[in-house]
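Everything on this sheet refers to the single structure shown next.
The values are calculated or read from the model by the stated rules, or taken from the named source; none is laboratory data. It should be emphasised that the depicted structure is a prediction, and the values quoted were computed from it without experimental measurement. Methodologically, a virtual Cβ is constructed for each residue, glycine included, from the backbone with ideal geometry; neighbour enumeration extends over all protein chains shown. Only protein heavy atoms, including side chains, enter the accessible area calculation; ligands, DNA and RNA are left aside. Shrake-Rupley method; radii C 1.70, N 1.55, O 1.52, S 1.80 Å.
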Amino acid sequence: MQWFSPNTRREFAGYTVTFVCASIAIALTIAIIVFLGWKGLSIFFVHKVSLANIFSVNWWPDRAAALGGPQVGVLSFMVGSIIASSLAAAVSAPFGITVAVFMSNISPRLGQQVLQPVIELLAGIPSVVYGYIGLSLLVPFVRENLGGTGFSLLAGAAVLSVMILPTVTSVSFDALRSLPSHLKEAAYALGATRWQTIKMVLIPAAREGLLTGVVLALARAFGEALAVQMVIGNKREIPHSILDPIITLTSGITMDMGNTVQGSLWNDALWFMAAILLLISFLSILAIRTIGKKVSSW
């Protein structure tokens, strides 16, 4: 006796496979959040570090008690990450959106045949290559023409802006291309020029996708480590000039993680920095959802 038809069995199998995959993805995400939260917060619950200590600029995690005890201030790391990523997004966002407008509305043929492969190539270049180019060309250029050692906030932001450009461009291009064609046709029918149509119709209509691209690029900039570490100088101080060396959260983690013992104050301070990066990712996702809701209500 056959209880279920072949179509029903195939639908059940498809549902089961997708449900299992989704459950695994959710479980992995929850596991990572719990682990990072547990390790990051242990600096408060296990080592009893005060908020004044952790949010200071003093980073001496191995200082002896006779000299004043260890200090694990992460403020300079946070400031470095925020400034470098924000500067990179400020440069890449208008440039990437402009390129996306050109690819989608000015010259779609040239955009798809030339610019799109170039953007995909930029996205595929390993971060160490970006860092090596920045170390070999950008750092000497800054040192010889602008002053300082060359290892600076400016060099880090410049490298990051190139690295996140494909994200801004690709997401913006998809947002502009997905707009219904009747928007453009209606604008032309009302006598609008091409630039008026782009400025007053297409970009406002695609603003949710454009803002999403910028936020995603900003999140990527926060998480980048190797390329930035090679050009920023990694000095644990808050910068007072764009030519000053800085350090970021990711650079601090990669530089120190090989020098620590599991469970030590120094090691758990690095886990706290990793938890901050995770929190920044969550805030980015929350910002994207908030932007989407607000833009939809406009």
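Structure notes:
- Candidates G40, G213, G147: whichever shows maximal mean-square fluctuation once the chain is modelled as a Gaussian network with Cα springs under 10 Å: G147
- Loop sites in region 182-264: GluC sites (Glu not before Pro), DSSP, at most 15 other Cβ within 10 Å: E237
- Probe 1.4 Å, accessible area per residue of the chain, Å²: 55 Å²
- Charge dipole (the chain, unit charges on Cβ, about Cα centre) - positive-most of V228, I33, S251: I33
- Of all accessible heavy-atom area on region 2-48, the percent that carbon and sulfur account for (1.4 Å): 78 percent
- Cα pair distances exceeding 36 angstrom across the chain, given as percent: 34 percent
- Under a Gaussian network description of the chain, with springs only between Cα atoms under 10 Å, the residue in A27, A275, A155 that fluctuates furthest is A27.
- Helix-derived mean residue ellipticity, 222 nm - over the chain, DSSP H n ≥ 4, -39500 (n - 2.57), to 500: -21500 deg cm²/dmol
- Accessible-area composition of region 164-246, carbon plus sulfur, in percent [1.4 Å probe]: 61 percent
- Dipole magnitude (debye, nearest 20) for the chain, charges at Cβ of Lys, Arg, Asp, Glu: 660 debye
- Lysine pair count for region 159-298 with Cα-Cα distance under 27 Å and sequence separation of 8 or more or different chains is 5.
- Taking label positions 7 Å along the Cα-Cβ direction at both S241 and R177, the computed distance is 4.5 nm, reported to one decimal.
- The order of M78, M103, M200 by accessible area, most exposed first and with a 1.4 Å probe, is M200, M78, M103.
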